[in-house]
Amino acid sequence: MARVAILCGGRSHERAVSLRTGARVEQALHAIGGHEAVLVDVDEHLPETLRTGEFDVAFIALHGRGGEDDQVQALCELTRLPYTGTRNGPCGAAFHKARAKRLLLAAGVPTPAFITFSEHAIEQFGAGDVREEADELGYPLVVKPARAGSSLGTRFVDDAADLPRALISAMSYDSQVLVERHVRGRELSVTILGAIGDEGEPRVLPAVEIVPRHADWFDYESRYSHGETEFTCPPIGFDEAVLARAQDTARAAFEALDISGYGRVDLIVDEAGDPWVLEVSPVPGLTETSLVSVALDAVGIPLEDLVTHLLADAVAQGATTGGASDTEE
């Protein structure tokens, strides 16, 4: 029997979603059987909890700061505890939207043009440079915090007059801001299950099309409130070649950022049928309304199977990344 620490909650703005993900993982582990599931609401005592908890593996269900920025992954490695999902380093790079986009561009993966600003730079030099560079990108634009998830702090900007308010909103979540060219089109999300250790190939699940019912875009309420968004999997009315290209692009993004375990790639397919990667989530949510859950349901994969897959991958990765193994005492 494995003793599994389900790390969730924490202090990020995504705490509520993380707790819901953790609760679903706990339910799945109980259904699977053969494991002792311990729900750990992450706080300042986590290092001691991991050192003394006699855990065999950690299931990371921690979203946002602390869970996707390498902090908890590094802590697990320091305590030699195998953990689920993307490794320390790649996880933090994927979570930082600007860093991720630079890596995508270097790998030839299409992503909308962007610029970044720090809160310090704006305070020192004013917003004039921001407006000038934003004008060069061309409106409409999307302004978002560089390190936040669930669309928190994200705003669409139609003209220069809307830019200051959008920057303030983004900076309330992070000191670094990403300003990105808005690509009009149909929004897709692609879930990818990574290979276990060095065995096999990643599995690309069918794309999910996202159509909010009561909002202009896929905001926080649309993401996590029942009935607020229409999810179609597989999407209807797509040319098969266009859809295949979108899924191939998602896989290329997954591999370019060195995601492991599982991940979610969000894209826009423009009117010409070209896919553009918006972001890659290294610790996607597993709530009832999460896009990963929609994709799993569409292909008949129970959550229990995903949890089993991730635990097996954690153990395989742990043998090569400092985690404990059965032969170590």
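The set of residues from region 1-26 being open to solvent by 50 Å² or more (accessible area, probe 1.4 Å), at pLDDT 95 or above and of a type in the set (A, V, I, L, M) comprises just one member, 19.
Among the charged types (D, E, K, R), open to solvent by 50 Å² or more (accessible area, probe 1.4 Å) and part of a strand (DSSP E or B): which single residue out of 54, 48, 36 fits that description? After applying the criteria, what remains is 36. Of everything listed in (1) within 21 Å of the chain's Cα centre (by Cα); (2) at pLDDT 85 or above; (3) buried (at least 16 other Cβ atoms within 10 Å of the Cβ), the single unmet condition for residue 172 is (3). Which of the residues belonging to region 176-199 are modelled with pLDDT of 90 or more and charged (D, E, K, R)? If the condition is that a residue be modelled with pLDDT of 90 or more and charged (D, E, K, R), then 180, 181, 184, 186, 187 are the ones that fit.
Conditions (1) within 17 Å of the chain's Cα centre (by Cα); (2) farther than 20 Å from residue 303 by Cα; (3) not aliphatic (A, V, I, L, M), marked per residue:
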position	(1), (2), (3)
2	no, no, no
7	yes, no, no
10	yes, yes, yes
22	yes, no, yes
26	no, no, yes
41	no, yes, yes
44	no, yes, yes
69	yes, yes, yes
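Going by what's in this entry, would residue 277 be described as in a helix (DSSP H, G or I), crowded, with 23+ Cβ neighbours inside 10 Å and not charged (D, E, K, R)? No, not satisfied. Right, residue 116: of a type in the set (S, T, N, Q) and either closer than 30 Å to residue 234 by Cα or open to solvent by less than 20 Å² (accessible area, probe 1.4 Å) (or both) or not? No; evaluated as a whole, the condition is false for this residue.
Restricting region 76-86 to residues that are closer than 16 Å to residue 282 by Cβ and either surrounded by fewer than 21 Cβ atoms within 10 Å (Cβ to Cβ) or of a type in the set (Ser, Thr, Tyr) (or both), the residue that is nearest to the chain's Cα centre (by Cα) is 86.
The values are calculated or read from the model by the stated rules, or taken from the named source; none is laboratory data. No experiment lies behind these values; they were computed from the predicted model shown. Don't worry about glycine lacking a Cβ; one is built from the backbone with ideal geometry, like all the others, and counts go over all protein chains shown. Ligands, DNA and RNA are stripped out before the accessible areas are found, and what is left, the full protein with its side chains, is counted by its heavy atoms. Shrake-Rupley method; radii C 1.70, N 1.55, O 1.52, S 1.80 Å.
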